[in-house]
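S.K.: Take a look at this one; I'll ask things after.
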Amino acid sequence: MTSTAPVWIDDPTNAAILAISEDRLQGFQLDPFGEIAERSGIDVATVLERIVAMLRSGTIRRVRQTLMATNLADGSLCAWQVPPERLNDAFEWLFREDPFSGHVVIRTTDTATVGSNYRLWTTLKVPQGYDIAKYAAFLARKIGAEAYRLMPAKYLFALGVGHVRRKGMEPGARADVLAEVKDTHIVQLTDLEWRVLTAAKREFAPDEIVRDLWRARAAEAGVSLDEFERIAKELNARGVIGRFSTFLEHVKPNEAAGGARVTRYNALFHWKVPQGREMDAGREVGRHYIMTHAYWRDGGPEFKGVNIMGVAHGTEKETVLAHKAAIDEHLREAGIGFDYSNVFWGGRSEIKPSEIAPQAFADFCAAQGIDPETMR
């Protein structure tokens, strides 16, 4: 039976659900849909119906338990300089063929500037035991990159989407306290823990969206439901579980909603703050509610020495720039100057979770004709 439930984000019930389900369910949730119902004030049957309808329509891109991948695999933001005639082919290969590239984005700047010839940007994860620099060199050869820059996160200051709750947010809106700092130390797991984690992180198909969510995943991992939940809670305590989330399709127009978009502009902000003030600056930037991501990353000479980066989204370019200006002013008020800043705008974009399982990496290398041991 086809659902007649509204599927767009402007429906009040959907908006109430999404305000919680996008990025408010931190850690491993035993009963995520019951938790969404309790926090949103919407009964659980309606929560399930609406999430399924939005997932089938494409309003929601995926539903999954996220991991703190920065604590499970070596990861990096990577900017690629690719000849213009190869740019689209490189984009397609990284999106469709590389399981370890997550976000794949073509970016531009408003004016030609340092780094603006690096048009292709990706996030990259390489499972434990393997060398991200070696793998990036392989990717560069594969896509014909002339140059590239790996920019691993040293610390995280903001990580969460929440497009619905950010709509209409005033520039400068921020928390009363400094952003928390998340480190990127790698946590070692047993084979059993990897089995549970791999089953837990796989995205849910519409027919898997049920109240008793984890029973089938426990069977997939080859353990009892009680054992599955025990291990997941232990992993959560060790800091490797992210959040349970419904990810909106925030880039492409939605045909079921007449071509409407969740957001139109994706901006990667850059700041170069004085050496030794990176942690202070990151915690100030991360206070701003508009920031979906904020990191300390070193851009190197390719990007004029920037060291604080973050992402914000909006439906109007002027509004996104107003948020950037408010953060700039706040940094100055906090006594943190910066002698360079820039905005890289996102254009064509595809997003998928990066694979982080060691066996998946070994299998992929073998399929590419590479001895996995040479990537250690």
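S.K.: Of Lys304, Lys317, Lys272, which residue is surrounded by fewer than 17 Cβ atoms within 10 Å (Cβ to Cβ) and either small (Gly, Ala, Ser) or under 18 Å from Tyr340 (Cβ atoms) (or both)? Spell out how you get there, then give the answer.
M.R.: Working: Lys317 fails: either small (Gly, Ala, Ser) or under 18 Å from Tyr340 (Cβ atoms) (or both); Lys272 fails: surrounded by fewer than 17 Cβ atoms within 10 Å (Cβ to Cβ).
Residue meeting the stated conditions: Lys304.
S.K.: Does segment 139-156 include one or more residues that are acidic (Asp, Glu), within 17 Å of the chain's Cα centre (by Cα) and either within 21 Å of Thr374 (Cα to Cα) or not in a helix (DSSP H, G or I) (or both)? Write out each step before concluding.
M.R.: Of all residues in segment 139-156, those acidic (Asp, Glu) come to 146.
If we keep only those that are within 17 Å of the chain's Cα centre (by Cα) too, we end up with none.
No, segment 139-156 contains no residue that is acidic (Asp, Glu), within 17 Å of the chain's Cα centre (by Cα) and either within 21 Å of Thr374 (Cα to Cα) or not in a helix (DSSP H, G or I) (or both).
S.K.: Then there is this: I'd like the full set of residues that are more than 30 Å from Ile186 (Cα to Cα) and polar (S, T, N, Q), limited to segment 327-361. Spell out the reasoning first.
M.R.: Let us first name the residues in segment 327-361 that are more than 30 Å from Ile186 (Cα to Cα), namely 327-343, 345, 347-348.
Residues satisfying the conditions are Ser341, Asn342.
S.K.: Only one of (1) surrounded by 17 or more Cβ atoms within 10 Å (Cβ to Cβ); (2) out of contact with any helix residue (DSSP H, G or I) (no Cβ under 7 Å at 6 or more places or on another chain); (3) without any contact (Cβ under 8 Å) to a residue 40 or more places away in the chain fails for Ile20. Which number is that?
M.R.: Every condition holds for Ile20 apart from (2).
S.K.: Of the numbered conditions (1) under 21 Å from Leu77 (Cα atoms); (2) part of a loop (DSSP other than H, G, I, E, B); (3) of a type in the set (A, V, I, L, M), Ala294 fails exactly one; give the number of that condition.
M.R.: Exception for Ala294: condition (2).
S.K.: When the residues of segment 336-376 are narrowed to those that are surrounded by fewer than 16 Cβ atoms within 10 Å (Cβ to Cβ) and of a type in the set (Asp, Glu), which ends up nearest to the chain's Cα centre (by Cα)?
M.R.: My answer is Asp363.
S.K.: Here's a follow-up. Looking only at segment 88-102, how many residues end up being surrounded by 18 or more Cβ atoms within 10 Å (Cβ to Cβ) and touching an Asp or Glu at 6+ places or on another chain (Cβ under 7 Å)?
M.R.: 2
S.K.: Let me confirm something: among Thr184, Thr198, which residue is of a type outside the set (D, E, K, R), in a loop (DSSP other than H, G, I, E, B) and under 19 Å from the mean Cα position of the chain (by Cα)?
M.R.: Within the list Thr184, Thr198, the selection yields Thr184.
Results for (1) of a type in the set (A, V, I, L, M, F, W, C); (2) assigned to a helix (DSSP H, G or I); (3) crowded, with 20+ Cβ neighbours inside 10 Å; (4) in contact with a Pro (Cβ under 7 Å, 6 or more places away or on another chain), shown as yes or no for each residue.
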{"site": "Ile36", "(1), (2), (3), (4)": "yes, yes, yes, no"}
{"site": "Val47", "(1), (2), (3), (4)": "yes, yes, yes, no"}
{"site": "Arg50", "(1), (2), (3), (4)": "no, yes, yes, no"}
{"site": "Met54", "(1), (2), (3), (4)": "yes, yes, yes, no"}
{"site": "Val63", "(1), (2), (3), (4)": "yes, no, yes, no"}
{"site": "Thr70", "(1), (2), (3), (4)": "no, yes, yes, no"}
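S.K.: Only one residue in Val126, Val105 is in contact with a Gly (Cβ under 7 Å, 6 or more places away or on another chain), surrounded by 21 or more Cβ atoms within 10 Å (Cβ to Cβ) and not in a loop (DSSP other than H, G, I, E, B), so which one is that?
M.R.: Val105
S.K.: What do you reckon, is Leu30 buried (at least 16 other Cβ atoms within 10 Å of the Cβ) and not polar (S, T, N, Q)?
M.R.: Taking the combined requirement at face value, the residue does not satisfy it.
S.K.: Here's another thing I want to ask about it. Since Trp93 meets every condition but one in (1) in contact with a strand residue (DSSP E or B) (Cβ under 6 Å, 6 or more places away or on another chain); (2) farther than 20 Å from Trp296 by Cα, which condition does it not meet?
M.R.: Among (1) in contact with a strand residue (DSSP E or B) (Cβ under 6 Å, 6 or more places away or on another chain); (2) farther than 20 Å from Trp296 by Cα, the lone unmet condition for Trp93 is (1).
S.K.: Kindly provide the set of residues from segment 283-329 that are of a type in the set (Gly, Ala, Ser) and touching a helix residue (DSSP H, G or I) at 6+ places or on another chain (Cβ under 9 Å), ordered by number.
M.R.: Taking segment 283-329 and keeping what is of a type in the set (Gly, Ala, Ser), we get 286, 294, 299-300, 305, 310, 312, 314, 322, 325-326.
Answer for segment 283-329, where residues must be of a type in the set (Gly, Ala, Ser) and touching a helix residue (DSSP H, G or I) at 6+ places or on another chain (Cβ under 9 Å): Ala294, Gly310, Ala312, Gly314.
S.K.: Going through segment 342-353 one residue at a time, which ones are touching a helix residue (DSSP H, G or I) at 6+ places or on another chain (Cβ under 7 Å) and modelled with pLDDT of 95 or more?
M.R.: Val343
The values are calculated or read from the model by the stated rules, or taken from the named source; none is laboratory data. Owing to the predicted nature of the structure, the values given are computational and were not obtained by experimental measurement. A quick note on method: Cβ atoms are made from the backbone with ideal geometry, for glycine too, and the neighbour counts reach across all protein chains shown.
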